[in-house]
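Visitor: Right, I'll just put the structure down here and ask away after.
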Amino acid sequence: MSLCAGSPSGAPILNPMSEPLVLGIETSCDETGVALVRGHELLIDSVASSMDEHARFGGIIPEIASRAHLEAMAPTLRRALDGAGVELGDIDAIAVTAGPGLVGPLTVGASAAKALAVGLGKPLYGVNHVIGHAAVDELVDGPFPDRVMALVVSGGHSSLLLVDDIVTGITELGSTLDDAAGEAFDKVGRLLGLPYPGGPHIDRLAREGDPEAIRFPRGLTAPKDQAAHAYDFSFSGLKTAVARWVEARQDAGQEIPLADVAASFAAAVADVLTAKTIAACQRHDVSTLVIGGGFSANSQLREMAAARCAAAGIDLRIPPIRYCTDNGAMIAALGAAVVRRGLPPSPLDLPVDSSMPLTQVLV
Ligand code: KG4
Ligand code: ZN
């Protein structure tokens with residue numbers, strides 16, 4: 001592994017011609033993820049989750065998540081190193097989530113990454129969590145073609161990105177104006193009396209229901225929305241429509257057909273996400289679509305995207321579910337892409353940014 005000296009921060013710049021071993025650290029929410037990537041190859045991915053500690057509160061409690069990251073960091077790192085048969089001294093570069101996410105949890109990961117960078121004398125790269133959700137697909141399905149569309153859907157984001165280069169060429173075509181897709185599922189889950197997080201529970205229920213039983217609204221799809229919001233999403237009106245429908249039934253003393261409500265709601269979300277995304281692919285002449293983020297575990301979205309992409313001649317790439325939810329591999333993958341392009345490392349005092357813009361891949 002060769003190093004070139006002389007970055008603005010004083011840290012060495014890695015030689016982009018070689019295949020460095022990149023450690024990825026992810027702590028933006030409730031998962032502590034540590035992974036090792038060399039080039040496009042994932043050596044190991046180790047994840048610890050504190051979700052069980054949040055479930056009884058019905059949402060992520062940042063203080064609890066921060067403490068859990070602190071406790072899980074060293075053992076998760078050790079598991080990754082041992083699993084890959086790698087020593088700390090073998091690591092060539094350290095990538096860490098700099099944002100967006102929860103400030104406390106992000107700070108724990110960034111502090112660990114800074115300590116490792118200083119202790120090992122290796123460069124540090126603070127990277128964007130949301131872009132990482134798209135980048136991880138390169139580990140599974142191989143390097144991206146020249147131009148891909150990426151739909152990143154999670155508990156915090158629903159973003160449509162035109163990707164000419166995963167590090168230097170991201171254009172944000174649209175995003176959610178209110179609730180993210182996963183957030184809408186979690187809120188509807190709560191109103192249907194399901195445990196937190198509601199997303200996977202609605203997914204399971206929906207498989208037993210009729211997606212056409214109730215015609216729920218499709219947000220921002222009216223002709224008047226085409227000019228300003230063709231590729232933006234809004235799920236808060238849909239969530240309210242589900243609440244009104246359920247209340248009306250309850251007031252009339254009728255039973256709630258939970259599976260049909262879940263199926264009809266899930267169909268409305270999947271319909272809007274896939275229709276807008278495929279329209280964007282056609283408008284921008286893109287024939288490869290990557291879907292990532294925790295919500296891309298959703299089976300209604302996966303099925304509708306597969307059917308509509310096949311009909312439109314679009315090559316669909318969705319990583320396996322364990323790489324859709326938060327993990328260290330996504331950060332190591334994006335870090336490896338940054339290193340390959342020979343960009344200078346982040347400063348050792350890199351700040352975390354809870355609302356890091358999606359056009360900024362590297363701090
Ligand atoms: O990316 P992620 O792990 O964390 C964030 O960065 O937000 O996404 C978590 C979100 C949660 O809202 C969760 O309910 C949702 O993804 N989710 C699902 C499914 N699995 C996870 N939503 C619907 N169906 C699923 N199968
Ligand atoms: Zn995420």
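Visitor: Scan segment 105-131 and report the pairs whose first residue is in contact (Cβ under 8 Å) with a residue 60 or more places away in the chain and crowded, with 19+ Cβ neighbours inside 10 Å and whose second residue is in a helix (DSSP H, G or I) and of a type in the set (Ser, Thr, Tyr), with Cβ atoms within less than 6 Å and a gap of 6+ or a chain change.
Guide: If the second residue must be in a helix (DSSP H, G or I) and of a type in the set (Ser, Thr, Tyr), the pairs left are 105/66; 108/66.
Visitor: Next up: Quick check on residue 33: is it of a type in the set (Gly, Ala, Ser), within 23 Å of residue 197 (Cβ to Cβ) and at pLDDT 95 or above?
Guide: Details: of a type in the set (Gly, Ala, Ser): yes; within 23 Å of residue 197 (Cβ to Cβ): yes; at pLDDT 95 or above: yes.
The answer is yes for residue 33.
Visitor: Further, regarding this structure: Take the residues in segment 133-162 that are within 10 Å of ligand 1 (Cβ to nearest atom) and at pLDDT 95 or above; name whichever of them is surrounded by the most Cβ atoms within 10 Å (Cβ to Cβ).
Guide: Restricting attention to segment 133-162, the residues satisfying the condition of being within 10 Å of ligand 1 (Cβ to nearest atom) are 133, 152-157.
From what's left, at pLDDT 95 or above: 133, 152-153.
On the way: 133: 34, 152: 28, 153: 28.
That would be 133.
Visitor: Shifting gears a bit: State yes or no: is residue 89 in a helix (DSSP H, G or I) and either buried (at least 19 other Cβ atoms within 10 Å of the Cβ) or more than 16 Å from ligand 2 (Cβ to nearest atom) (or both)? I'd like the intermediate steps shown before the answer.
Guide: Values: in a helix (DSSP H, G or I): yes; either buried (at least 19 other Cβ atoms within 10 Å of the Cβ) or more than 16 Å from ligand 2 (Cβ to nearest atom) (or both): yes.
Spelling it out, residue 89 is indeed in a helix (DSSP H, G or I) and either buried (at least 19 other Cβ atoms within 10 Å of the Cβ) or more than 16 Å from ligand 2 (Cβ to nearest atom) (or both).
Visitor: Every residue in segment 282-304 that is in a loop (DSSP other than H, G, I, E, B) and buried (at least 23 other Cβ atoms within 10 Å of the Cβ), please. Break it down into steps so the answer makes sense when it comes.
Guide: The first filter runs over segment 282-304 and keeps only residues in a loop (DSSP other than H, G, I, E, B), leaving 284-287, 293, 298.
Once the filter is applied, which keeps residues that are in a loop (DSSP other than H, G, I, E, B) and buried (at least 23 other Cβ atoms within 10 Å of the Cβ), segment 282-304 yields 293, 298.
Visitor: Let me ask another. Mind telling me which of the residues 130, 163, 148, 152 ends up being within 16 Å of ligand 2 (Cβ to nearest atom), closer than 21 Å to residue 343 by Cβ and in contact with a strand residue (DSSP E or B) (Cβ under 7 Å, 6 or more places away or on another chain)? Quick ask: steps written out before the conclusion?
Guide: Numbers: 163 fails: within 16 Å of ligand 2 (Cβ to nearest atom); 148 fails: within 16 Å of ligand 2 (Cβ to nearest atom); 152 fails: closer than 21 Å to residue 343 by Cβ.
Result: 130 is the single residue among 130, 163, 148, 152 that is within 16 Å of ligand 2 (Cβ to nearest atom), closer than 21 Å to residue 343 by Cβ and in contact with a strand residue (DSSP E or B) (Cβ under 7 Å, 6 or more places away or on another chain).
Visitor: Shifting gears a bit: With the requirement that a residue be part of a strand (DSSP E or B) and more than 11 Å from the chain's Cα centre (by Cα), what does segment 151-173 give you? Reasoning before the result, please.
Guide: Taking segment 151-173 and keeping what is part of a strand (DSSP E or B), we get 151-153, 158-165, 169-173.
Within segment 151-173, 160, 161, 162, 163, 164, 165, 169, 170, 171, 172, 173 qualify.
Visitor: Return yes or no: is residue 267 within 16 Å of ligand 1 (Cβ to nearest atom), under 17 Å from the mean Cα position of the chain (by Cα) and in contact (Cβ under 8 Å) with a residue 12 or more places away in the chain?
Guide: Values: within 16 Å of ligand 1 (Cβ to nearest atom): yes; under 17 Å from the mean Cα position of the chain (by Cα): no; in contact (Cβ under 8 Å) with a residue 12 or more places away in the chain: yes.
Here the answer is no, as residue 267 does not meet what is asked.
Visitor: While we're on this one: Quick one: in segment 241-255, of everything that is loosely packed, with under 14 Cβ neighbours inside 10 Å and of a type outside the set (Gly, Ala, Ser), which residue is nearest to residue 171 (Cα to Cα)? Break it down stepwise before answering.
Guide: So in segment 241-255, the residues loosely packed, with under 14 Cβ neighbours inside 10 Å come out as 244, 247-248, 250-255.
Checking which are of a type outside the set (Gly, Ala, Ser) leaves us with 244, 247, 250-251, 254-255.
Working: 244: 37, 247: 41, 250: 45, 251: 47, 254: 48, 255: 46 Å.
Once the filter is applied, the top-ranked residue is 244.
Visitor: Provide a single number: the residues in segment 223-274 that are closer than 23 Å to residue 186 by Cβ and not β-branched (Val, Ile, Thr).
Guide: The first filter runs over segment 223-274 and keeps only residues closer than 23 Å to residue 186 by Cβ, leaving 232-250, 256-274.
Retained after the next criterion (residues that are not β-branched (Val, Ile, Thr)): 232-239, 241, 243-245, 247-250, 257-260, 262-268, 270-271, 273.
Within segment 223-274, residues that are closer than 23 Å to residue 186 by Cβ and not β-branched (Val, Ile, Thr) number 30.
Visitor: Any idea which of (1) part of a loop (DSSP other than H, G, I, E, B); (2) touching a residue at least 24 places away in the same chain (Cβ under 8 Å); (3) among the small types (Gly, Ala, Ser) is the one residue 193 doesn't satisfy?
Guide: (2)
Visitor: Restricting attention to segment 25-56, report how many residues are of a type outside the set (A, V, I, L, M, F, W, C) and part of a strand (DSSP E or B).
Guide: Counting residues in segment 25-56 that are of a type outside the set (A, V, I, L, M, F, W, C) and part of a strand (DSSP E or B) gives 9.
Quick grid of which residues meet (1) within 16 Å of ligand 1 (Cβ to nearest atom); (2) under 23 Å from the mean Cα position of the chain (by Cα):
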position	(1), (2)
207	yes, no
215	no, no
219	no, yes
231	no, yes
235	yes, yes
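Visitor: Here are some conditions: (1) touching a strand residue (DSSP E or B) at 6+ places or on another chain (Cβ under 7 Å); (2) under 30 Å from residue 215 (Cα atoms); (3) assigned to a helix (DSSP H, G or I). Residue 307 meets all but one. Which one does it not meet?
Guide: All conditions pass for residue 307, except number (1).
Visitor: Is segment 118-127 home to any residue that is more than 16 Å from ligand 1 (Cβ to nearest atom), of a type in the set (A, V, I, L, M), assigned to a helix (DSSP H, G or I) and more than 12 Å from the chain's Cα centre (by Cα)? Talk me through it step by step, then tell me what you get.
Guide: Start the filter on segment 118-127 by keeping residues that are more than 16 Å from ligand 1 (Cβ to nearest atom), which leaves 118-126.
Next, from what is left, pick out any that are of a type in the set (A, V, I, L, M): 118, 120, 124.
Filter once more, so that each one left must be assigned to a helix (DSSP H, G or I): 118, 120.
Now restrict to residues that are more than 12 Å from the chain's Cα centre (by Cα): 118, 120.
Yes, segment 118-127 contains at least one residue that is more than 16 Å from ligand 1 (Cβ to nearest atom), of a type in the set (A, V, I, L, M), assigned to a helix (DSSP H, G or I) and more than 12 Å from the chain's Cα centre (by Cα).
Visitor: How many residues does segment 179-210 contain that are within 16 Å of ligand 2 (Cβ to nearest atom) and within 18 Å of residue 244 (Cβ to Cβ)?
Guide: 3
Visitor: Would you point out which residue out of 107, 168 is away from ligand 1 (no atom under 16 Å from the Cβ) and touching a Lys or Arg at 6+ places or on another chain (Cβ under 9 Å)?
Guide: On the way: 107 fails: touching a Lys or Arg at 6+ places or on another chain (Cβ under 9 Å).
Answer to the check: 168.
Visitor: Something else now. Got a sec? Which of 301, 289 is more than 15 Å from ligand 1 (Cβ to nearest atom) and within 22 Å of the chain's Cα centre (by Cα)?
Guide: Details: 301 fails: more than 15 Å from ligand 1 (Cβ to nearest atom).
Of 301, 289, the one residue that is more than 15 Å from ligand 1 (Cβ to nearest atom) and within 22 Å of the chain's Cα centre (by Cα) is 289.
Visitor: Same structure again: Can you tell me which residue is nearest to the chain's Cα centre (by Cα) among those in segment 336-360 that are buried (at least 24 other Cβ atoms within 10 Å of the Cβ) and within 16 Å of ligand 2 (Cβ to nearest atom)?
Guide: Here is the first cut: in segment 336-360, the ones buried (at least 24 other Cβ atoms within 10 Å of the Cβ) are 336-339, 345-346, 352, 356.
Then drop every residue that is not within 16 Å of ligand 2 (Cβ to nearest atom), which leaves 352, 356.
Details: 352: 17, 356: 14 Å.
Selected residue: 356.
Visitor: Here are 77, 88: which of them is under 18 Å from residue 326 (Cβ atoms) and over 19 Å from the mean Cα position of the chain (by Cα)?
Guide: Working: 88 fails: under 18 Å from residue 326 (Cβ atoms).
Answer to the check: 77.
The values are calculated or read from the model by the stated rules, or taken from the named source; none is laboratory data. Everything numeric in this text was worked out from a predicted model, so none of it was measured. As a convention, Cβ positions derive from the backbone with ideal geometry for all residues, glycine included, and neighbour counts pool all protein chains shown.
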